[in-house]
1. Condition (residue is under 17 Å from the mean Cα position of the chain (by Cα), of a type outside the set (A, V, I, L, M, F, W, C) and not in a helix (DSSP H, G or I)) applied to region 370-389: is it met by at least one residue?
2. So GLY378 passes all but one of these: (1) touching a Pro at 6+ places or on another chain (Cβ under 7 Å); (2) within 24 Å of LEU197 (Cβ to Cβ); (3) not polar (S, T, N, Q). Which condition number does it fail?
3. Among the candidates ASP412, ASP420, ASP399, which residue alone is open to solvent by 30 Å² or more (accessible area, probe 1.4 Å), over 29 Å from ILE356 (Cα atoms) and in a strand (DSSP E or B)?
4. Of the residues that make up region 141-160, is at least one among the aliphatic types (A, V, I, L, M) and part of a strand (DSSP E or B)?
5. Does region 439-454 include one or more residues that are touching a helix residue (DSSP H, G or I) at 6+ places or on another chain (Cβ under 7 Å) and closer than 25 Å to ASN315 by Cα?
6. Working carefully through the options ASP446, ASP473, find the one that is among the charged types (D, E, K, R), under 22 Å from the mean Cα position of the chain (by Cα) and within 28 Å of ASP354 (Cα to Cα).
7. Among the residues of region 79-109, how many are surrounded by fewer than 17 Cβ atoms within 10 Å (Cβ to Cβ), touching a Gly at 6+ places or on another chain (Cβ under 9 Å) and not acidic (Asp, Glu)?
8. When you scan region 326-349, do you find a residue that is of a type in the set (S, T, N, Q) and over 23 Å from PRO277 (Cβ atoms), even just one?
Amino acid sequence: MKKSKFFIFVVVLVLLCSLSFALVACNGNENEVAPDSDTDKQEKPQYTASVAYTGSGIEIMPGKDRPVYTATVRGVVVDEDTGEPLISQLKIWDKTENLVYRTVTDYLGRYELVLPDGNYDIEFSHGSEYEIETLSDYSVYTNGYFKMPDISLKRLYSLGNWYAGDIHQHSTYSDGTDLPSEVLKSNIAVGLSYGILSDHNSVYQVKEWLAGNNFYIGGGKNFIAMQGWEVTTSRGHYQAINCSEIFNATAYSSSDILRIVNDIRLQPDTIAQINHPGRSDDMGFKDWNLAGRFDTIEVWNGVYAPPSLSGTNKNSYAKWVELMNKGTRLAIVGGTDNHNIYGTPYAPDGNDLDWIKRNTYSGSPRTYVFTDEYSSDGVLNAIKQGNSFITNGPLVFADIAGKKYGETVALDDSMVLNFDLKSNEELRQLKIFVNGALVETIDIADGTLTYQGTFKLENLKSGDWVNLQLSGDFGGFAVTNPIFIG
C-alpha cells in the first residue's frame, strides 16, 4: 500500500514538472512565431495613437501597432514682412493614423512636436489675413531631432479698421479644459485681435483673462481682452458681455428672463445676447416675445454646422430673419462656444463635413467688427450696432453708397451694392439677399482668392435690408449683418 502511494506521488510529480516546463517554454517563446504560421498571416489590430499636448507643442504617442521610438521636430514661425516671431496654429496630419491634430506655438512662435515614426503633413496658419504654409510628406524617423527651417507666413491682406474676435469661449473656471492663459494664446495664434471669455455663471476668470490686454500681437497693438460670462439657466443661455458682476441666474418663466436682461443692463456699457437660440432643449431660447429686449443674437455657434447647412444654426438664422422682417432689429454674431482649444482629432477624408476641419478651434467662427477706435469700447459698440460679419475663413466686405453693415443708406433710384471678397483659400460662391430672400447668386471661378464686383439692387423700398453669404473651399463660409435702406 505504501509503495502504491509512493508510485502515485512520483507520477503526479513528473506530470507537474512536465506541465511547468511546457509553460516556461511557451512563455519564453511567446514572441517567436514561424514566418509561415497562421498567426503571422493575421492582420495587425488597428489602434489610434494617443495625443498629449504640451505648452509649446504636441506629442502623438505611439499606439500598440506603432513604432516604440519617437522623434522631435522643432522650429519657429515668423512674420515674413517683419521677421517678428508669430504665434501660430499648427495642424498635423498623421498619415499613418489618418488623423489631424491641432496645436499652437508658444508666445515666441516656437513649437516642438514629438512624433512616432511616420509620414506627416504639417500646416501653419495665422488666421484669414495670412497665407497658409504646408510642409507636405514630411518623414520622421526613429530617435531623430529635426530642426526645421523658419516658417515664414506672409500677410496677404491689411484690413485697416476691421478686427476679428471670438465672443463665446470657456475655460477651466467652468466646463472648459484650458486655463485662461491657454485660451488667450490660442486666440492670438489664429489671428484674433479681441476675445471674450464667457464661463458659465462665473466671473472668477475675469481678472486672469483681462491680463491678456498686456500681450502684444503685432502692428503696434495689444490684444483686447473683454470681460463677460454666460448666464446659464434652464430656460436658455445668455451672454452678459462686458458684465463683471454675478446676479441671480435662475429662470423659470418669461418674467425671469426679463429680470436677467435688466440685471445685465444695470452695469454700464453691457451687451445682452441670446446664445444658440435654435437648440431644441433647455439651452435654446423660448421667449421670442422678449427678443427685442436683447442687443445681439448668436446665429452661428461653432459647435454646430454653419447657418447655410442644417440644424441649430440654420434654425437660429431663420428665426432672426423672421424677427427682422417683423421689425425687431438684432445684430447677429458668431462664437465658437469653445470648451477645448485643441479640438477633436478628425479624419481629413470626405467633403460632407468639411466645416468640421474648422469648427472646433478658437476663432472658428469669428466676428469681424469695423471700428475707428481700437479699444474695448470701440469693439463693443461695433458688436452692438452690427458693424460686422461672421466667418470661419473667407472675408466679405460690402457697402451701398459708402454705408457698411449695420448702417443705413438713403433710398435712391439707383442702388448699387459694392463687394470685395478675400480669402487665403479658394472662393466658391456669393449670395445676395434682400429681406432674407435670395436675389442673386454669383459663382466664382476656381483658383480665385480675391474677387470684386457690383450688383444693382432693384425695387428697393424704405425699411428693406440687404446682407450677403459667401462660401469658400473646405467648408469656408461667411454671413454678414444687414445694410439698411432708410
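The values are calculated or read from the model by the stated rules, or taken from the named source; none is laboratory data. As the structure is a computational prediction, the values presented were derived from the model and not from experiment. Backbone-built Cβ (ideal geometry, glycine too); neighbour counts: all protein chains shown. Side chains are part of the model used for accessible areas, which takes the heavy atoms of the whole protein and leaves out ligands, DNA and RNA. Shrake-Rupley method; radii C 1.70, N 1.55, O 1.52, S 1.80 Å.
1. No - not one qualifying residue is present in region 370-389.
2. Of the numbered conditions (1) touching a Pro at 6+ places or on another chain (Cβ under 7 Å); (2) within 24 Å of LEU197 (Cβ to Cβ); (3) not polar (S, T, N, Q), the odd one out for GLY378 is (1).
3. ASP399
4. Yes, because at least one residue in region 141-160 is among the aliphatic types (A, V, I, L, M) and part of a strand (DSSP E or B).
5. No.
6. ASP473
7. 2
8. Yes.
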